[in-house]
Amino acid sequence: MPQAVRLKKQGGPELLVLEEVEVPPPAPGEVTLRHTAIGLNFIDVYQRNGHYALQLPSGIGQEAAGVVTAVGPGVTTVKVGDRVAYAGVPLGAYSEARNYPAEKLVPVPEGVSDEAAAASLLKGLTAWYLVRRTFEVERGQTVLVHAAAGGVGLILCQWLRHLEATIIGTVGSEAKAEAAREAGCTHPLVIDASNRRDLPAKVKELTGGAKVPVVYDSIGKDTFDVSLECLAPFGLMVLFGASSGPVPPFDLQRLAAGGSLYVTRPTLSTYTAKREDLLAGARELFDLIARRVLTIHVNQRYPLREAARAHKDLEARKTTGSTVLLP
């Protein structure tokens, strides 16, 4: 029988338990997949530790690549033997095999490896909607990216470089600054609790006083206040994660005082709810990977049975780029 990581109680990484599971024949609209690579994302940590509510017991993980091994009634979009990937619910990607809705699968083209697909789809589609839909970045604009050496950050920097933007990126160490620089970050800044308050002045200096039209912030509580101060009038604060914790309630009058600012909290599921949008985003992402415009940095690999160790390393910020679990 195939194995899968199951979560019966939310809490620490030690609660991730590998068990044998039964995979029934696919229901109408479903296919059975044999996973070849599984993506690790910070949202997995939120779901494991209780930051996001789950109906337990539950599988975990929402990004993987694999091969179709069986097709349920009514499925016409894929066939047995197709290489596919997905990034979304239902949870359960931490598994050797599973059933999954066919309409949420995207084809993996030649020129894109299974590891690259599994490591890039969720993070890459996030980068896609951030720079192409939430705020359509134009050539010559200067933007601020937090966690520029993270999984989304490295893809985001490369995509922004492709769009000929100037990138100010925050990172946690000199090593991560170098990784961000290699990905196209124009001005990587090592920022921590000791110098975070200096960020708005630094951004103002780097932009000749203009500040930036958009901030891409996946950190949340620790960076939200200084992010607002980095925005030019009419600027957009894009809060797409909360690795440091949720942002506390704040006075909306601060948006007026900052120059008629905007704040949005986007999610990938909204931008890919329509299949045509999902396919369009995946095509653009995989095309850039195949053309080597985007390099997917799979810097860590763990056996599926070591999912707990992968979570510990991710939470401790020991990882850079993308991480995959291998069945």
Note to self: Just to check your reading of the model, which residue among 140, 88, 61 is at pLDDT below 95 and under 30 Å from residue 237 (Cα atoms)?
What the structure shows: 88
Next item on the list: Could you please tell me which pairs satisfy a Cβ distance under 7 Å, a separation of 6+ or placement on different chains, a first residue in region 4-26 that is in the same structural domain as residue 64 (by TED's automatic domain parsing) and more than 27 Å from residue 313 (Cα to Cα), and a second residue that is of a type in the set (Gly, Ala, Ser) and part of a strand (DSSP E or B)?
Entry: 23/97; 25/70; 26/70
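Quick one: which of 84, 68 is surrounded by 19 or more Cβ atoms within 10 Å (Cβ to Cβ), outside any loop (DSSP other than H, G, I, E, B) and over 22 Å from the mean Cα position of the chain (by Cα)?
Selected residue: 68, the only one of 84, 68 that is surrounded by 19 or more Cβ atoms within 10 Å (Cβ to Cβ), outside any loop (DSSP other than H, G, I, E, B) and over 22 Å from the mean Cα position of the chain (by Cα).
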Next item on the list: Among the candidates 308, 280, 273, 242, single out the residue that is within 16 Å of the chain's Cα centre (by Cα) and either surrounded by 13 or more Cβ atoms within 10 Å (Cβ to Cβ) or assigned to a loop (DSSP other than H, G, I, E, B) (or both).
Entry: 242
Item checked: The listed residue being part of a strand (DSSP E or B) and of a type in the set (A, V, I, L, M), out of 122, 156, 189, 160 -> 189
Notebook entry, point to check: How many of the residues making up region 226-250 are farther than 20 Å from residue 151 by Cα and at pLDDT below 95?
Noted result: 4
Check: Before we move on, is residue 34 surrounded by 20 or more Cβ atoms within 10 Å (Cβ to Cβ), within 17 Å of residue 95 (Cβ to Cβ), at pLDDT 95 or above and basic (Lys, Arg)?
Finding: no
Next item on the list: Look at residue 10 and say whether it is under 24 Å from residue 303 (Cα atoms), in a loop (DSSP other than H, G, I, E, B) and not acidic (Asp, Glu).
Entry: yes
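Look through region 192-231, keep the residues that are β-branched (Val, Ile, Thr) and assigned to a loop (DSSP other than H, G, I, E, B), and return whichever of them is surrounded by the fewest Cβ atoms within 10 Å (Cβ to Cβ).
Looking at residues that are β-branched (Val, Ile, Thr) and assigned to a loop (DSSP other than H, G, I, E, B), I get 207.
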Checklist line | Candidates 111, 184, 153, 124, filtered to the one that is more than 21 Å from residue 290 (Cβ to Cβ) and either at pLDDT below 95 or in contact with a strand residue (DSSP E or B) (Cβ under 9 Å, 6 or more places away or on another chain) (or both) | finding: 153
Margin query: Need the failing condition index for residue 147 against (1) on the phi > 0 side of the Ramachandran plot; (2) over 18 Å from the mean Cα position of the chain (by Cα), just the number.
Written below: (2)
Check: Among the residues of region 112-119, is any part of a loop (DSSP other than H, G, I, E, B) and under 20 Å from residue 296 (Cα atoms)?
Finding: yes
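Taking the criterion of being of a type in the set (D, E, K, R), surrounded by fewer than 21 Cβ atoms within 10 Å (Cβ to Cβ) and within 19 Å of residue 277 (Cα to Cα), would at least one residue in region 149-170 satisfy it? Full working, then the answer.
Keep residues of region 149-170 that are of a type in the set (D, E, K, R), which gives 161, 164.
Those left that are additionally surrounded by fewer than 21 Cβ atoms within 10 Å (Cβ to Cβ): 161, 164.
Filter once more, so that each one left must be within 19 Å of residue 277 (Cα to Cα): none.
No, that holds for no residue.
The values are calculated or read from the model by the stated rules, or taken from the named source; none is laboratory data. These figures come from a predicted structure and were not determined experimentally. In this analysis, Cβ positions are derived from the backbone assuming ideal geometry, glycine residues included, and neighbour counts consider all displayed protein chains.
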